[in-house]
Amino acid sequence: MYNYEELKHFVEHCSRCPLSAARNKSVMGRGNLHSSIMFIAEAPGYQEDRDGIPFTGASGKVFDELLASIGMSRDEIYLTNVVKCHPPRNRDPEPDEQEACIPYLKYETLLIRPRIIVCLGRIAAQRIIRSDFRITREHGQFLYRKNTWLTAVYQPSAILRDDTKMAETKEDFKVLFIRSREING
Ligand code: URA
Ligand code: SF4
């Protein structure tokens with residue numbers, strides 16, 4: 001078992017899949033290592049690849065707005081991605097790239113030990129919850145597996161493209177907030 005700093009070092013120097021060739025910086029997850037809530041998005045975007053930090057671009061503003069709507073900030077949560085390197089032109093990460101990167105996410109989950117995992121978008125939900133997960137139909141629903149609550153919401157970039165999704169996602173966050181209160185007593 002590795003500690004968090006070791007894991008971060010591996011991610012920063014990783015070349016386990018072809019995404020390493022085109023990336024500028026790999027993007028390790030970030031946030032409160034003791035948080036009970038872990039958000040998992042798809043992959044870093046262009047800005048995140050420049051910065052080496054998750055959600056620093058336009059989607060990050062949407063994410064912060066959602067957190068703020070339930071009175072939370074990034075210091076209280078942990079945030080990461082299924083793949084840690086930016087896929088060229090924001091294409092979906094290929095299954096073999098996800099496969100290569102998933103051990104890092106598994107280690108992150110073991111180290112953070114979240115009580116609630118929130119998938120941001122379809123790719124994360126299909127990877128973490130169920131391979132045929134339908135984000136449009138199933139966002140905001142919770143299921144309990146191995147001592148952890150799992151749920152999924154629209155990804156911030158989808159809200160940027162279609163702002164009617166914002167209201168629905170804020171409702172999902174309200175439910176998330178209530179669930180997190182129940183868990184933390
Ligand atoms: N979109 C993602 O899925 N992850 C990021 O870190 C940034 C944008
Ligand atoms: Fe390594 Fe993951 Fe980056 Fe691929 S995406 S090079 S597996 S850190």
Subset tally (residues that are of a type in the set (Phe, Trp, Tyr) and in a loop (DSSP other than H, G, I, E, B)) for region 18-58: 1
Members of region 121-168 that are farther than 22 Å from Tyr46 by Cα and hydroxyl-bearing (Ser, Thr, Tyr): Ser131, Thr136, Tyr144, Thr148, Thr151, Thr164
Residue, modelled with the lowest pLDDT, within region 141-162, restricted to residues that are of a type outside the set (S, T, N, Q) and more than 16 Å from ligand 1 (Cβ to nearest atom): Lys146
Candidate set: region 122-140, residues that are outside any helix (DSSP H, G or I) and under 15 Å from Leu176 (Cβ atoms); chosen: the one farthest from ligand 1 (Cβ to nearest atom): Gly140
All positions within region 17-33 that are away from ligand 1 (no atom under 16 Å from the Cβ), open to solvent by 70 Å² or more (accessible area, probe 1.4 Å) and within 30 Å of Val175 (Cα to Cα): none
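Given the criteria open to solvent by 60 Å² or more (accessible area, probe 1.4 Å) and within 15 Å of ligand 1 (Cβ to nearest atom), does Ala58 qualify? I'd like the intermediate steps shown before the answer.
Working: open to solvent by 60 Å² or more (accessible area, probe 1.4 Å): yes; within 15 Å of ligand 1 (Cβ to nearest atom): yes.
Answer is yes for this residue.
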Top-ranked residue of region 1-16 - restricted to ones that are assigned to a loop (DSSP other than H, G, I, E, B) and over 17 Å from Glu99 (Cα atoms), ranked as most open to solvent (accessible area, probe 1.4 Å): Met1
Qualifying residue in region 59-80 (condition: part of a loop (DSSP other than H, G, I, E, B) and of a type in the set (D, E, K, R)): no
Breaking point among (1) in a loop (DSSP other than H, G, I, E, B); (2) more than 13 Å from ligand 1 (Cβ to nearest atom); (3) surrounded by 15 or more Cβ atoms within 10 Å (Cβ to Cβ), for Glu108: (1)
Residue check for Gly29: farther than 21 Å from Thr151 by Cα, within 15 Å of ligand 2 (Cβ to nearest atom) and among the small types (Gly, Ala, Ser): no
Residue ID - surrounded by the most Cβ atoms within 10 Å (Cβ to Cβ), chosen from residues in region 34-49 that are of a type in the set (Ser, Thr, Tyr) and touching a strand residue (DSSP E or B) at 6+ places or on another chain (Cβ under 8 Å): Ser35
For Gln141: the one exception among (1) touching a residue at least 40 places away in the same chain (Cβ under 8 Å); (2) open to solvent by 10 Å² or more (accessible area, probe 1.4 Å); (3) over 23 Å from Ser20 (Cβ atoms): (1)
Hits in region 113-128 (condition: touching a helix residue (DSSP H, G or I) at 6+ places or on another chain (Cβ under 9 Å) and open to solvent by less than 10 Å² (accessible area, probe 1.4 Å)): Ile116, Val118, Cys119, Leu120, Gly121, Ala125
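The values are calculated or read from the model by the stated rules, or taken from the named source; none is laboratory data. On a predicted model such as this, the values are computed, not experimentally measured, just so you know. Cβ: placed from backbone, ideal geometry, glycine included. Neighbour counts: every protein chain shown. Please note that ligands, DNA and RNA were not included when accessible areas were found on the heavy atoms of the full protein model with its side chains. Shrake-Rupley method; radii C 1.70, N 1.55, O 1.52, S 1.80 Å.
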